[in-house]
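Working notes for the structure below.
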Ligand code: PRX
């Protein structure tokens, strides 16, 4: 983060005035059914966050009770100290002794249209079989297993199988390239990679196994690759290293006692972009993570036994971990899972799914909502969406116009919307309405949940007055917080716990209004939020500089109607290389190949120099303004060569 550039960016955005109280019919039977009831929970959380979370922890099954709720020596937290539990037992076994045994755990729909339902009993069996298969490949407690799968039930099976035996899973989003996969496998030293022959996306097969083969060429830690047959695509099988999933599980026993694990035993590593350096392996552990994901699933989504709950996130992102797999399964929910693209084969695919499966809770991203809005109301209106009773959003601020469209066209005006703020690092939702209790204001994630001490502060950690912009921090530890950056404790300390003294720094700017509501103003570091996904400018720049024609590159975010932010890059070429539309296209493809299609720049501008400070730092603030087509504001006196700026502004996209 470069403070010199960022103080200025925390200026306050639009002021949304309207407030929407919880719909009466909803509030009447909600778990937390009034502002006063939420107030009482908040008061309990404030008085003793530890007691608050301890009560939540009692809703899980522990094989050994904890001795202390929290050990906190900043920045090291241990929750439910010395307690033992197993996440897969909490998500599966404990539901088998009652009526949930034969309840649908996962209702899955593939992109081509086939469906599959796994009851809790069936899912438990699949998990045990696969856990034994992993053991057969030599996986033991603490080993890392990389999961590179499409959105199919086996993704959840693989995660829960790891959890069952104490292996640490690391899911890599199937849209990431072979190079990104390789870097993640090597950073964690994964022993096994679990993949598929392919997955369906927009009517085509994404060839995951090919990417694994490419990556594995330089992954010395990998001893085995498990391949699931999903698309019947031809793949190369490397004898001795590769194993078909169906063959391994056909031979495996369905009896796999779960390993009782320490509350702080690592559950998973998930990579996310930071402003500097390579992606960070965010480490989450078992007890605290499960307590808070389960509590938030139950209360933020006001989950009922009969709900059909659909979180549209891919398991490759944290939302897919916490709110497709762990939170809802720990609560015994029926989870809908969909493999493919949102508008395939027609723009009404989502609404068709909602109607056919009678989805009652829908949790999705603002970028998807904006895309649906643009496609036109008729696609939603053609379907019976009356089963919906609650809507949620996550990933970026939702613009009030999209919020109102979501409420009226999708929710028929009767469904509350929960705008949930959280991060890969926080593990669980921290700021959100409780749908029966909190009046919503479009564009605001409203209030910190009980037991969460979030605040907006200045650089010295002092709360800023209502209406003023500041840094979003969390002042006390929370159960689902990250424990470290895998293999880089220093980075954990410096990135999160050193910027604002004594507090967790989120990297987001925010303000609170006079009602105490939080308005997230976006990232203040060099991290882009493209379609709700974090991308680091640094990674995109290194990818570009890796191309033989490129001398220097700067990536910035440009406001984009659909994506929230689009990637815009400024490139200077090496001597002898001339700009051309073909080279532009080549560079865009180059970035997509190096990182994944989500990072493909929307815009490339060639320039003979980049604006820099006298100390040589690229002034991204200026480039952001140029990319957005805005007049340059603020201080440019430190700029080395003002004519660079003038030339950049003249350079029109060809
Ligand atoms: O900037 C915030 C934005 O997304 C970032 C976290 O990204 P990631 O770790 O990829 O996790 C996304 C899903 C949890 C945050 O720092 N963000 C997330 N939710 C919201 C949000 N911004 C505004 N409102 C939200 N509800």
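Readers should treat all values here as calculations from the given coordinates under stated rules, not as data from a laboratory. Please read all numbers here as calculations on a predicted model, not as lab measurements. As a convention, Cβ positions derive from the backbone with ideal geometry for all residues, glycine included, and neighbour counts pool all protein chains shown.
Peptides 444-452, 408-416 ranked from most to least packed, by the mean per-residue count of other Cβ atoms within 10 Å: 444-452, 408-416.
Scoring 189-198, 614-623, 366-375 by mean Cβ neighbours within 10 Å over their residues and listing the highest first yields 189-198, 366-375, 614-623.
Taken as Cα centroids, the stretch 504-522 and the stretch 272-290 sit 22 Å apart, rounded to the nearest whole angstrom. Take each peptide in 211-224, 377-390, 80-93, 269-282, count the other Cβ atoms within 10 Å of every residue, and average; sorted highest first, the result is 80-93, 269-282, 211-224, 377-390. Given the stretch 376-440 reduced to its alpha-carbon atoms as identical point scatterers, what log10 I(q)/I(0) does the Debye formula return at q = 0.21, 0.24, 0.27 Å⁻¹? Per q value, in the given order, log10 I(q)/I(0) is -0.90, -1.07, -1.21.
Every Cα-Cα pair of the stretch 527-653 was included, and the share exceeding 21 Å stands at 36 percent. All Cα-Cα distances of the stretch 188-303, cut into 10 Å bins from zero to the largest, leave 11, 26, 34, 26, 4 percent in each bin in turn. Would you compute the Debye intensity of the chain from its alpha-carbon atoms alone, equal scatterers and no solvent, and pass along log10 I(q)/I(0) at q = 0.06, 0.07, 0.09 Å⁻¹ to two decimals? So the normalised log intensities work out to -0.31, -0.43, -0.74. Contact order for the stretch 527-653, expressed relative to its length and based on alpha carbon pairs under 8 Å spaced 6+ residues apart, stands at 22 percent.
For the chain, what does -39500 (n - 2.57) per DSSP helix run (n ≥ 4), summed and divided by total residues, give at 222 nm, in deg cm²/dmol to the nearest 500? Mean residue ellipticity at 222 nm (helix-derived): -8000 deg cm²/dmol. Relative contact order for the chain: 14 percent, from Cα pairs under 8 Å spaced at least 6 residues apart, divided by residue count. For q values of 0.19 Å⁻¹, compute log₁₀ I(q)/I(0) with the Debye formula on a Cα-only model of the stretch 458-502, without solvent. At q = 0.19 Å⁻¹ the computed log10 ratios are -0.69. Binning the alpha carbon pair distances of the stretch 93-235 at 5 angstrom intervals from zero yields the distribution 2, 10, 19, 21, 20, 14, 9, 4, 1, 0, expressed in whole percent.
With both residues required to sit in the stretch 527-653, DSSP beta bridges show an antiparallel share near 80%.
Considering only the Cα atoms of the stretch 389-528, their convex hull presents on average a projected area of 9.0 nm². Its alpha carbons considered, the stretch 255-355 gives a radius of gyration followed by a Dmax of 16.2, 47 Å.
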